[in-house]
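**Student:** Just dropping this structure here.
The values are calculated or read from the model by the stated rules, or taken from the named source; none is laboratory data. In this text the structure is predicted, and so the values were computed from the model without any measurement. Positions of Cβ are backbone-derived with ideal geometry, glycine not excepted, and every protein chain shown enters the neighbour counts. Remember, those area values only see protein heavy atoms, side chains included, never the ligands or the DNA or RNA. Shrake-Rupley method; radii C 1.70, N 1.55, O 1.52, S 1.80 Å.
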Amino acid sequence: NDKAFIQKGYEIIIDWVERNPYGQATDRMAWHDETTARRLVTWINFFDVARRVLPRRDVAFLIEHIIFHADLLATDKFHKTNTNHGMFQDESLIVYSEYFARLAKSDRYVETAKKRLKNYFDYIISEDGVHKEHAPSYHQVIADAVFKYKSYFTSPKDKDLQTYLANIYNKLAKYATFVIKPDGQLPLISDTF
């Protein structure tokens, strides 16, 4: 039964690729910045299971399109600098680099992602630890992401980055504590729901 689901998933991916060549997609959202990042992570998760089931040529097809996504996300032209969408793009490059660590560009892509993330956090978080879009819900999303990155980058070579992220997270957490209303809800500021 698992093989049938994997085969169906592969057929969906083939259909998507055929209908949405880069620059000639059937819908403009097919290559949206965040959508492309999320698709890369989804395809890597699919690949992890499918590589044991699919024939080599199908596995090669998946790898080819996964690499294309990573290559695209790594370009400055496609990257949405200083936005949470750019953060998700960088996160997908980290996932790619971790999973495909043996591929030639992986080290460069993870370094690119780390540099972009630091630049983004420097840009979007005030010295007091407030997300500058001023939506408490965005503040929580970014705080959660910073916490995950801090927990992920634990190797000795990432000590400076981990310290940087821990300092930011502590400031973000302090603000998040004080922005909560007495009834336990977030104030409905900006995009907060």
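**Student:** State yes or no: is ASP27 of a type in the set (Asp, Glu) and open to solvent by less than 70 Å² (accessible area, probe 1.4 Å)?
**Tutor:** No, not satisfied.
**Student:** Still on this model: Quick one: what pairs do we get from the range 142-159, first residue in contact (Cβ under 8 Å) with a residue 24 or more places away in the chain, second open to solvent by less than 10 Å² (accessible area, probe 1.4 Å) and in a helix (DSSP H, G or I), C-beta under 6 Å, 6+ apart or different chains?
**Tutor:** Filtered contacts from the range 142-159: ALA143/LEU172; VAL146/LEU165; TYR149/LEU165.
**Student:** Of the residues that make up the range 162-180, is at least one exposed (fewer than 12 other Cβ atoms within 10 Å of the Cβ), farther than 20 Å from ASP90 by Cα and either of a type in the set (Lys, Arg) or under 24 Å from the mean Cα position of the chain (by Cα) (or both)?
**Tutor:** no
**Student:** In addition: Tell me yes or no: at least one residue of the range 122-130 is free of Cβ contacts under 8 Å to residues at least 60 places away in the same chain, within 20 Å of GLN89 (Cβ to Cβ) and surrounded by fewer than 16 Cβ atoms within 10 Å (Cβ to Cβ).
**Tutor:** yes
**Student:** What are the residues in the range 103-121 that are under 15 Å from SER92 (Cα atoms), of a type outside the set (A, V, I, L, M) and open to solvent by less than 30 Å² (accessible area, probe 1.4 Å), if any?
**Tutor:** SER106, TYR109, LYS114, ARG116
**Student:** Being among the charged types (D, E, K, R) and in a helix (DSSP H, G or I) is the filter here, so list the residues in the range 174-193 that pass it.
**Tutor:** Within the range 174-193, just LYS174 meets the criteria.
**Student:** Mind checking which residues of the range 135-157 are in a helix (DSSP H, G or I), open to solvent by less than 70 Å² (accessible area, probe 1.4 Å) and out of contact with any helix residue (DSSP H, G or I) (no Cβ under 8 Å at 6 or more places or on another chain)?
**Tutor:** SER137, SER151, listed by residue number.
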